[in-house]
Amino acid sequence: MGGGVVKLLRRNAGVYARKLGRPLELAAIADRSLQPDRALGITANLITRDSATLVGRPDIDIVVELFGGHQPARSLILKALATGKDVVTGNKALLAEYGGEIFQAAARHAHAIGFEASVGGGIPIIRTLRQALAGDRQRAVYGIVNGTCNSILTTMSERAVEFKAALAAAQKSGIAEPDPTLDIEGHDAAHKLCLLVTLAFGGLLTPRQVHTEGITRITPDDITYARQLGYSIKLLAIAKEDGGAIEARVHPTMIAADHLLAGVGGAFNAIYIHGEALGSTMYWGLGAGQMPTATAVMADILEIARDRIAGAPARSQALGLPMEHVRRAHVKPMDDVVCEYYLRFMARDRPGVLGAIASILGRNGISIASVIQKDRGAEKTVPVIMRTHETPERNLKRALSYIRRLKMVGANPAFIRIEENL
Ligand code: HSE
């Protein structure tokens with residue numbers, strides 16, 4: 001990302017100078033391995049290995065933190081704010097975990113912290129929630145905020161390949177990291193959801209409070225059955241407000257195949273927001289990549305530079321409300337979350353199996369909306385697909401614990417939550 005920011009600073013130097021009325025100067029770059037690069041105007045005297053000294057330098061106005069991870073990023077940001085700098089960062093993992101401390105520090109020192117690059121890469125979703133949508137009350141946020149997962153699910157869906165093959169293809173094309181855990185297990189999306197929740201609903205939460213499931217259990221068969229039922233499967237980051245409690249969850253989700261979000265393919269991201277007065281809006285674009293993300297960093301730098309030049313007090317309301325009004329979010333327990341479900345059982349094709357499953361579901365208050373049972377063929381077990389009506393997650397968990405004990409049903413029934421009223 002840092003390379004993209006330097007490229008934009010060089011390429012658009014004239015444009016930025018016109019926009020600001022004066023030039024933006026790249027004062028220094030802290031990087032352990034960076035070498036001088038004449039094409040980018042990175043001379044040896046711009047490079048330092050000593051990031052701690054750099055952020056304390058009195059001649060620097062804006063510190064841009066693009067290290068990622070918790071440390072030294074956290075200490076550097078806190079030091080920069082304490083020594084009079086405004087800060088720009090794209091570090092969602094850090095802000096999700098330590099946002100309370102960092103936003104408090106920015107407010108205390110009356111300095112700005114820009115973090116547009118932390119969610120949705122180049123999509124201006126932070127500013128949209130904080131400013132453009134400030135006049136409305138948000139009801140729900142649905143995000144495809146992990147390009148790696150979206151790309152893998154798109155490949156699985158288009159080519160009917162297994163998860164592992166789709167992951168390998170994403171790694172080969174550079175979309176997925178060599179160690180993809182953070183992405184495919186849903187953690188990166190959970191970090192981003194923490195920030196979306198804070199901006200949309202004004203409450204702070206940490207990734208541990210977000211129910212998080214990744215996409216590794218999704219099979220091409222589930223994608224096919226979902227399609228037969230009229231759905232697509234997406235990894236969604238979902239937040240809703242319900243009577244003061246916040247639902248915050250990341251998991252594979254079935255959504256209507258003709259919904260706008262279902263059409264978001266490949267490595268693209270999209271955030272779909274339902275506002276009380278505005279209704280639904282969607283923000284779509286590239287959620288990762290050096291140049292798209294660099295545009296978000298530059299937007300923050302330019303906004304801060306404008307404020308500084310105008311002599312305006314630095315924006316101390318990074319979250320769109322005074323920090324003393326920001327509370328810990330009250331997160332609804334997952335057991336209380338109400339969804340419709342897709343269920344897939346591998347069952348012996350014997351009389352009474354369907355009845356046994358249906359009876360357990362019924363006893364646990366779960367009503368079945370539709371059933372598909374596949375032909376027996378040469379297989380010993382056949383897939384039984386069910387779609388349920390709405391039920392609290394606690395009921396589903398209890399029913400599945402009984403169904404797992406049925407001898408004629410395979411040990412690991414699959415279930416995927418359905419978002420019907422998006
Ligand atoms: N690895 C992320 C993604 C981008 O695949 O969307 C950075 O958060």
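The values are calculated or read from the model by the stated rules, or taken from the named source; none is laboratory data. Everything numeric here is computed off the predicted structure, so don't read it as measured data. Reconstructed Cβ throughout: ideal geometry from the backbone, glycine too, with neighbour counts over all protein chains shown. We work out accessible area using only protein heavy atoms, side chains counted, and drop any ligands, DNA or RNA first. Shrake-Rupley method; radii C 1.70, N 1.55, O 1.52, S 1.80 Å.
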| remark: All-but-one check, ALA176 against (1) farther than 27 Å from SER280 by Cβ; (2) outside any loop (DSSP other than H, G, I, E, B); (3) of a type in the set (A, V, I, L, M, F, W, C); (4) within 11 Å of the ligand (Cβ to nearest atom), failing number (2)
| message | Quick check on the stretch 253-260. Is at least one of its residues open to solvent by less than 10 Å² (accessible area, probe 1.4 Å) and closer than 11 Å to LEU153 by Cβ? | response | yes
| field | Members of the stretch 1-23 that are free of Cβ contacts under 8 Å to residues at least 40 places away in the same chain, exposed (fewer than 12 other Cβ atoms within 10 Å of the Cβ) and small (Gly, Ala, Ser) | value | GLY14
| task | Kindly indicate the residue of the stretch 107-138 that is touching a Pro at 6+ places or on another chain (Cβ under 8 Å) and in a helix (DSSP H, G or I) and also surrounded by the most Cβ atoms within 10 Å (Cβ to Cβ) among those meeting that condition. | result | GLU116
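For every residue, the table says whether it meets (1) hydrophobic (A, V, I, L, M, F, W, C); (2) under 23 Å from LEU422 (Cβ atoms); (3) within 16 Å of the ligand (Cβ to nearest atom).
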residue	(1), (2), (3)
ARG137	no, yes, no
VAL145	yes, yes, yes
LEU167	yes, no, yes
ILE238	yes, yes, no
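Conditions (1) farther than 23 Å from SER173 by Cβ; (2) of a type in the set (A, V, I, L, M, F, W, C); (3) assigned to a strand (DSSP E or B); (4) over 17 Å from the mean Cα position of the chain (by Cα), marked per residue:
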residue: LYS234; (1), (2), (3), (4): no, no, yes, no
residue: HIS251; (1), (2), (3), (4): yes, no, yes, no
residue: ASP258; (1), (2), (3), (4): yes, no, no, yes
residue: ILE273; (1), (2), (3), (4): yes, yes, yes, no
| Would you pick out the residues in the stretch 261-279 that are open to solvent by 50 Å² or more (accessible area, probe 1.4 Å) and touching a residue at least 40 places away in the same chain (Cβ under 8 Å)? | PHE268, HIS274, GLU276, ALA277, LEU278
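For every residue, the table says whether it meets (1) at pLDDT 90 or above; (2) open to solvent by less than 50 Å² (accessible area, probe 1.4 Å).
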site: ILE304; (1), (2): yes, yes
site: ALA310; (1), (2): yes, no
site: ARG315; (1), (2): no, yes
site: HIS325; (1), (2): yes, no
site: HIS330; (1), (2): yes, no
site: ARG350; (1), (2): no, no
site: PRO383; (1), (2): yes, yes
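Considering only residues of the stretch 322-340 that are in a strand (DSSP E or B), under 22 Å from the mean Cα position of the chain (by Cα) and not basic (Lys, Arg), which is nearest to LEU199 (Cα to Cα)?
Of the residues in the stretch 322-340, the ones in a strand (DSSP E or B) are 327-328, 331, 338-340.
Among the residues that remain, those that are also under 22 Å from the mean Cα position of the chain (by Cα) are: 327-328, 331, 338-339.
Checking which are not basic (Lys, Arg) leaves us with 331, 338-339.
Details: VAL331: 15, VAL338: 24, CYS339: 24 Å.
The extreme case among them is VAL331.
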| Looking at LEU76, LEU40, LEU26, which one is open to solvent by less than 40 Å² (accessible area, probe 1.4 Å), modelled with pLDDT of 95 or more, assigned to a loop (DSSP other than H, G, I, E, B) and farther than 20 Å from LEU195 by Cα? | LEU26
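Could you say whether any residue in the stretch 229-236 is β-branched (Val, Ile, Thr) and buried (at least 22 other Cβ atoms within 10 Å of the Cβ)?
First pass over the stretch 229-236, keeping only residues β-branched (Val, Ile, Thr): 233.
Still in the list and also buried (at least 22 other Cβ atoms within 10 Å of the Cβ): 233.
Yes.
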| Yes or no: ILE184 within 11 Å of the ligand (Cβ to nearest atom), of a type in the set (A, V, I, L, M) and open to solvent by 10 Å² or more (accessible area, probe 1.4 Å)? | yes
